Amino acid sequence: MKVLIVGGGGREHAITLAVSKSPKVDKIYCVPGNAGIAGLAECVDIKVMEFEEVARFAKREKVDLVIVGPDDPLAGGIVDVLEKAGLRVFGPRENAAILEGSKAFSKDLMKKYGIPTAQYETFDSADAALAYLEGAKLPIVLKADGLALGKGVLICNTLEEARNGVKEIMLDKKFGTAGNKLVIEEFMTGREVSVLTFCDGKTIKVMSSAQDHKRAGDGDTGLNTGGMGTFSPSPFYTKKIDEYCRKHIYKPTVEAMAAEGRPFKGVIFFGLMLTEDGPKVLEYNARFGDPEAQVVLPRMKNDIIDVMEACVDGTLGKIKLEFEDNAAVCVMLASKGYPEKYERGFVINGLESFEGKEGYYVFHSGTKKTGKGIVTNGGRVLGVTAKGVTLREARENAYKATEWITFENKYMRHDIGKAIDEA
Ligand code: AMP
Ligand code: GLY
């Protein structure tokens with residue numbers, strides 16, 4: 001069969017690698033793809049928001065399954081457009097992708113169906129939000145309602161910061177229309193876990209857990225980023241916690257979406273906080289995490305095409321998801337200055353060191369092929385993943401492999417997975 005993958009980051013590289021292992025697949029296309037994906041798929045220069053173009057291309061090439069990676073096209077309704085053109089698509093329709101696309105929607109859903117999450121209020125005027133802040137407990141969390149590249153969340157320690165945050169989001173429109181509405185929520189403490197799941201509209205199957213490191217600097221300092229590294233599984237996500245989450249969070253979420261007439265097909269990524277009062281939902285994403293996919297998918301034993309087709313067909317109940325009994329760690333190699341200002345265009349050396357090395361992967365996030373070779377082309381450049389029998393071994397292997405790659409302005413965190421020492 002022919003498969004088309006929409007997106008061009010490390011997550012899509014990990015998806016493409018998994019798809020390439022399926023004996024059912026003869027041909028993979030990726031729009032727009034990247035320099036790493038180009039080794040596995042034919043990359044086609046169409047932008048992910050050009051839905052009609054994507055549909056035309058997929059129809060012309062008689063693509064059997066389209067897999068959509070990123071949040072923006074999902075929230076924008078790419079799945080509806082592709083389905084209307086007669087294509088089979090893995091990913092939620094617009095009316096279900098709203099689970100990530102609107103924080104006000106997802107918070108209201110959780111409240112209505114009793115799914116554990118932080119207390120909150122939603123505002124559509126800055127004046128009302130500012131008035132609410134006067135009596136609120138600090139620290140307090142401000143969230144722009146819409147998609148903001150993972151940057152629309154502000155944790156405010158003082159009233160002054162919170163007032164400025166409301167102004168930035170709602171009046172200055174720092175995140176554009178994403179800030180038309182604002183969610184103000186209670187600050188929670190605890191360990192964070194990312195849990196990715198497959199859904200077919202009614203059934204939900206849970207993948208192995210992971211943990212991301214969102215801050216730019218060692219010791220969780222600096223600005224929030226898209227993610228500087230991940231490990232899987234999380235030793236803090238115990239069997240007991242998993243059982244609780246299945247019963248009180250995962251199943252109720254899929255059932256709530258179905259009950260609302262918004263059946264969710266695709267990946268729901270639960271961002272959880274393990275608080276003293278039990279696990280609570282920080283956020284939902286309507287897609288694989290990046291770089292969670294880079295540690296979870298290499299450990300999945302199933303043929304990803306079987307699982308995705310079962311999601312599309314509503315037969316996920318028949319699938320038994322299986323993961324290797326090992327661990328993986330991904331360290332992001334970024335451009336110095338990310339997530340603010342950074343330079344691009346530096347030649348990357350050492351990519352060939354990964355060839356033929358079992359259990360080692362280099363996923364491309366922001367790279368570009370040029371006349372001088374593959375160069376840096378983004379804030380997050382490469383995700384270096386390694387497996388190990390234990391998390392500790394995986395971490396050692398991943399950090400060893402980061403040394404195989406060199407480029408000017410290479411930056412990484414040195415403490416990815418350090419938390420496992422406390423487990
Ligand atoms: P989100 O995009 O909603 O996952 O938020 C980004 C990050 O902000 C999360 O990964 C958490 O580290 C933090 N965060 C979000 N909501 C809260 C909250 N209610 N309490 C504490 N931290 C939060
Ligand atoms: N790594 C977090 C995300 O994909 O949103």
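A simple rule links phi to the HN-Hα coupling: the Karplus curve 6.51 cos²θ - 1.76 cosθ + 1.60 with θ = phi - 60°, which for the stretch 149-166 gives 6, x, 10, x, 10, 10, 9, 10, 8, 10, 4, 4, 4, 5, 4, 4, x, 4 Hz, with x for Gly and Pro.
Label residue 62 and residue 409 with points 7 Å out from Cα along Cα→Cβ: what is the distance between them in nm? Between residue 62 and residue 409, the label points sit 4.6 nm apart.
Packing order of peptides 276-282, 2-8, highest average first: 2-8, 276-282 (average count of other Cβ atoms within 10 Å over each peptide's residues).
Adding -39500 (n - 2.57) for every DSSP H run of four residues or longer, then dividing by how many residues the chain holds, sets the calculated 222 nm ellipticity at -7000 deg cm²/dmol. Placing one equal scatterer on every Cα of the chain and applying the Debye formula, the log10 ratio I(q)/I(0) at q = 0.07, 0.08, 0.11, 0.12 Å⁻¹ is -0.31, -0.41, -0.82, -0.99. The modelled label-to-label distance for the pair residue 275/residue 423, using points 7 Å beyond Cα in the direction of Cβ, is 2.4 nm.
Is any residue of the stretch 73-98 close enough, with backbone N under 16 Å, to a label point placed 7 angstrom from the Cα of residue 112 along the Cα-Cβ axis, and if so, which? The answer is 95-98, whose backbone nitrogens lie closer than 16 Å to the label point.
Convex hull volume of the Cα atoms of the stretch 142-208, normalised per residue: 127 Å³. In terms of distances greater than 20 angstrom between alpha carbons, the cross-link table entries 247/280; 151/173; 27/320 yield 27/320. So what is the relative contact order for the chain, in percent, with contacts set as C-alpha pairs under 8 Å and at least six apart? In percent, rounded to a whole number, it is 16. Scalar couplings 3J(HN,Hα) for the stretch 276-293, obtained by applying the Karplus form with A = 6.51, B = -1.76, C = 1.60 to θ = phi - 60°, are 4, 8, x, x, 9, 7, 7, 6, 10, 10, 9, 6, 5, x, 10, x, 5, 4 Hz; x denotes Gly and Pro.
The residue 239 and residue 390 beta-carbon pair, evaluated with R₀ = 22 Å, returns a calculated FRET efficiency of approximately 0.80.
Between residue 322 and residue 20, the distance separating the two model label sites (each 7 Å from Cα on the Cα→Cβ line) works out to 2.4 nm. The residues packed around residue 129, meaning those with a beta-carbon under 13 Å from its beta-carbon, carry a net charge of -3 if Lys and Arg are +1 and Asp and Glu are -1. If the Kirkwood radius is taken over C-alpha pairs of the stretch 1-111, then at 10 °C and 1.306 mPa s the Stokes-Einstein diffusion coefficient equals 112 µm²/s. Rounded to the nearest 20, the size of the Cβ-charge dipole of the chain about its Cα centre is 600 debye, with Lys and Arg at +1 and Asp and Glu at -1. Cβ-Cβ distance of residue 343 and residue 313, R₀ of 45 Å, FRET efficiency by 1/(1 + (r/R0)^6): the value works out to about 0.45. Applying the Karplus relation 6.51 cos²θ - 1.76 cosθ + 1.60 with θ = phi - 60° to the stretch 33-42 yields 3J(HN,Hα) values of x, 7, 4, x, 4, 4, x, 10, 9, 8 Hz, where x marks Gly and Pro. Neighbours of residue 374, meaning other residues whose beta-carbon lies under 13 angstrom from its beta-carbon, give a summed charge of +3 when Lys and Arg score +1 and Asp and Glu score -1. Which of the pairs 59/107; 103/251; 239/357; 111/418; 214/410; 21/341 have their Cα atoms more than 26 Å apart in this structure? Violating the 26 Å limit, Cα to Cα: 59/107; 239/357; 111/418; 21/341.
Over all other residues within a Cβ to Cβ distance under 12 Å of residue 13, the charged ones net out to 0, with Lys and Arg as +1 and Asp and Glu as -1.
None of the figures in this text is laboratory data; all of them are computed from the coordinates on show. What you are looking at is a predicted structure, and each value in this text was computed from that prediction instead of being measured. In this analysis, Cβ positions are derived from the backbone assuming ideal geometry, glycine residues included, and neighbour counts consider all displayed protein chains.
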